[in-house]
């Protein structure tokens, strides 16, 4: 898929099916879904560490408290982040620690991809 195709990907749908069906859907969640989330975050000026931190919040405090944050990511990115977390809340049973861990790892995967894109961009210092 091209960046444009990935930017148009329905990230909440990849979360919905990837968290509930597993198999190829889980692969798509951590593949195309994570790249699409990274691209959306990049367009909104989100730093990789913000996505990583949100993953830590999910892991430390739980998915529902993270979904209730007024601004889970800074600025305009709060909207997509609320949608991602809200979708995950809607499909996971309360207390599904494995599912919550998957959401945290997915956010961290998107952060890693975003960091790779930033470090590979022309004129960008490594490790920023």
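Which of the residues spanning segment 56-74 are crowded, with 20+ Cβ neighbours inside 10 Å and either without any contact (Cβ under 8 Å) to a residue 40 or more places away in the chain or in contact with a strand residue (DSSP E or B) (Cβ under 7 Å, 6 or more places away or on another chain) (or both)? Within segment 56-74, 66, 67, 72, 73 meet the criteria.
Consider residue 53 carefully, then state whether it is in a helix (DSSP H, G or I), closer than 21 Å to residue 112 by Cβ and in contact (Cβ under 8 Å) with a residue 12 or more places away in the chain. So residue 53 fails the test. Being surrounded by 16 or more Cβ atoms within 10 Å (Cβ to Cβ) and out of contact with any helix residue (DSSP H, G or I) (no Cβ under 7 Å at 6 or more places or on another chain) is a property that residue 77 lacks. The numbered conditions (1) modelled with pLDDT of 95 or more; (2) over 12 Å from the mean Cα position of the chain (by Cα) are all true for residue 128 except (1). Within segment 38-48, does at least one residue satisfy the condition of being at pLDDT 95 or above, in a loop (DSSP other than H, G, I, E, B) and crowded, with 19+ Cβ neighbours inside 10 Å? Yes, segment 38-48 has at least one match. Being out of contact with any helix residue (DSSP H, G or I) (no Cβ under 8 Å at 6 or more places or on another chain) and either buried (at least 21 other Cβ atoms within 10 Å of the Cβ) or modelled with pLDDT of 95 or more (or both) is a description that does not apply to residue 32. In segment 93-116, of all residues being touching a residue at least 12 places away in the same chain (Cβ under 8 Å) and farther than 23 Å from residue 44 by Cβ, the one that is surrounded by the fewest Cβ atoms within 10 Å (Cβ to Cβ) corresponds to 94.
The values are calculated or read from the model by the stated rules, or taken from the named source; none is laboratory data. Quick caveat, the model's predicted, so the values are computed rather than measured. Virtual Cβ from ideal backbone geometry, glycine too; neighbours counted across all protein chains shown.
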